[in-house]
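Just below is one structure, and these are the notes that go with it.
The values are calculated or read from the model by the stated rules, or taken from the named source; none is laboratory data. Predicted model, so just to flag it, every value in this text is computed and none were measured. All Cβ positions, glycine included, derive from the backbone under ideal geometry; neighbour counts span all protein chains shown.
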Amino acid sequence: MDSTELFEMATKAAERSYSPYSRFRVGAALLCEDDSVVTAANVENRSYGLAICAERSALVSAIAQGKSKFKAIAISCPDAAYPVSPCGACRQFISEFVGPEFPVRFGGADGRIVDSTMGELLPHDALHELADRK
C-alpha cells in the first residue's frame, strides 16, 4: 500500500469522528507489518480530558487485535486549513511502538501533505534510550 492510499483511508476515517465540541475531525490509518490497515477517528467527550485522538485510537485498536509491528501512519484533518501533525501526547504514544525512521504522513483540507518521521517529530526521544539501558 502506498502513502497516498493510506492517507485516503485516514480521510475516510475522519468522517466517523465524534467531535461535537471542537468540530475538528481527525482520522488515522495505521499500516501494520502484515499489510493490514487499522483506521480510527478522534472521539471527544464533554469532559475534554477524556477525549482520545485518532492516532492513539488506531494504535490501541491494533494492539487489541494482536498487532505489534507497524510500517507507517497517515493522519487526516479535513477541517484544518493546513497540515496538522500529531499532538505531543500522540507523538509520545506512537514512539512507544516504533523507531525514529517510522513514516508519518499528515495533511489538512488545503491538499498539502507533509511526509515526516517519528525522529523528526520527536527528535529527543528518551524513551528508547531508557529501554536500551536494561
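Summary table
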| quantity | calculated |
| --- | --- |
| Pick from the stretch 25-38, criterion more than 14 Å from Ser3 (Cα to Cα) and surrounded by fewer than 21 Cβ atoms within 10 Å (Cβ to Cβ), ranking: nearest to the chain's Cα centre (by Cα) | Glu33 |
| Lone unmet requirement of (1) closer than 13 Å to Thr11 by Cα; (2) in a strand (DSSP E or B); (3) not aromatic (Phe, Trp, Tyr) for Gly111 | (2) |
| Pick from the stretch 46-67, criterion modelled with pLDDT of 95 or more and polar (S, T, N, Q), ranking: surrounded by the fewest Cβ atoms within 10 Å (Cβ to Cβ) | Gln65 |
| Single condition Leu127 does not satisfy, out of (1) modelled with pLDDT of 95 or more; (2) in contact with a Ser or Thr (Cβ under 9 Å, 6 or more places away or on another chain); (3) surrounded by fewer than 18 Cβ atoms within 10 Å (Cβ to Cβ) | (1) |
| Subset of the stretch 95-117 (residues that are closer than 18 Å to Ser3 by Cα and in contact with an Asp or Glu (Cβ under 6 Å, 6 or more places away or on another chain)) | Arg105, Thr117 |
| Filter result for Arg16 (within 20 Å of Val84 (Cα to Cα), surrounded by fewer than 22 Cβ atoms within 10 Å (Cβ to Cβ) and of a type in the set (Lys, Arg)) | yes |
| The listed residue being farther than 21 Å from Lys12 by Cα and among the charged types (D, E, K, R), out of Arg46, Arg56 | Arg46 |
| All positions within the stretch 65-108 that are assigned to a strand (DSSP E or B) and of a type in the set (D, E, K, R) | Lys71, Arg105 |
